[in-house]
Amino acid sequence: MKITLLVDKQDHSFLQSEFGLALLLEDEKCTFLFDTGAESALLNNGAKLNIPVEKFRKVILSHGHYDHTGGLALLAPEVIYCCKNVEQSHYSYHSADDIHNIAMPENAREVLNAAPRADVEKFTEIVPGWFLSGPIPRISNEDCGGKFFHDPACTLPDTVDDEQALLTGGGVLISGCCHAGVINTMLYCRKCRPDIKINTVVGGLHLRNASAGRLQQTADFFRQNGVKKLVLMHCTGSNAIEELQRFLPECQVITPHLGSTFCV
């Protein structure tokens, strides 16, 4: 699989930096856009990299946060794969006077509801050898990477249960933010497809505020389960990446540059 990092918050000489994530996934069988970024960076960067907008017709949404769905407002998808409750409300709590609405923007919702939509309610093969997890059960003690709520008063806890990941038959796991926790995500994929051994993890892992204990737990799990490559970006956090590199000297840890293309 060939992957191009189209949206991330990184300084770049000519590409637009934006807090969000969008990955173009390509192989000989198919092309999918995995997440859309927050606003205009997807189309701007795609144009500067000479990527035709036609490659953005099949869209996978990892979850309903604005930084993964906002760019949808500028697209004309032929199909969107998402969890059924991707439009639910999401708020992030930082302090009593610092609460943010982080749900899908209204203009992105309009595109979502106008386009052909495939709700993924369980582990599903979307093309031969490419699987979407659907909602991921929370069975380990990982948290969802922040204080999230469904209401602006922050009384209804939000586990971001509209999140899904992509697994390939070759053992590549792709995550938007991994709010379910990468251990939960890998355990669920292994339960659904025990014949697929995950060797590579790509995307955001939402570990930027993780404790040393959680990072050690994650590294130990990767080692015990034979993960050989980590391609990390977005919300993973630079400190977490450095710690994972330290804990896993036997594992290849890569932080791709915005606009770069790599193969997994």
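The values are calculated or read from the model by the stated rules, or taken from the named source; none is laboratory data. This one's a predicted model, so the numbers in the text were calculated from it and none came from an experiment. Cβ atoms come from the backbone with ideal geometry, glycine included; neighbour counts cover every protein chain shown. Surface accessibility is based on the protein's heavy atoms, side chains included, excluding ligands, DNA and RNA. Shrake-Rupley method; radii C 1.70, N 1.55, O 1.52, S 1.80 Å.
Descriptive notes on the structure:
- In nm, spacing of pseudo-spin labels at ARG190 and PHE14 (7 Å Cα→C-beta vector): 4.5
- Ellipsoid semi-axes for the chain, based on the Cα gyration tensor and the rule √(5λ), read 24, 22, 19 Å when sorted largest first.
- Evaluating 6.51 cos²θ - 1.76 cosθ + 1.60 at θ = phi - 60° for every residue in the stretch 48-60, the Karplus couplings come out as 5, 9, 6, 9, x, 4, 4, 6, 9, 7, 9, 10, 10 Hz, glycine and proline recorded as x.
- Sequence-distant residues sharing a close amide H with ILE60 (under 5 Å, placed H): LEU33, PHE34, ASP35, TYR81
- Taking all Cα pairs closer than 8 Å and separated by 6 or more residues, the relative contact order of the stretch 34-158 comes to 23 percent.
- Solvent exposure of the stretch 48-136 as accessible area per residue, Å², 1.4 Å probe: 45
- The stretch 80-209: projected area of the alpha-carbon convex hull, averaged over directions, in nm²: 8.6
- Of the trypsin sites (Lys or Arg not before Pro) in the stretch 1-103, those whose Cβ has at most 12 other Cβ within 10 Å and which sit in DSSP loop: LYS29
- Those GluC sites (Glu not before Pro) in the stretch 47-88 that DSSP places in a loop and that have at most 13 other beta carbons within 10 Å: GLU78
- Working ranking of peptides 178-186, 127-135 by packing, defined as the average number of other Cβ atoms within 10 Å per residue, highest first, is 178-186, 127-135.
- Computed lengthening from ILE139 to ILE254, 0.36 nm per intervening residue step minus Cα-Cα distance: 38.6 nm
- Loop sites in the stretch 160-260: GluC sites (Glu not before Pro), DSSP, at most 14 other Cβ within 10 Å: GLU250
- Expressed as a whole percent, the accessible surface of the chain that belongs to carbon and sulfur atoms is 50, based on a 1.4 Å probe.
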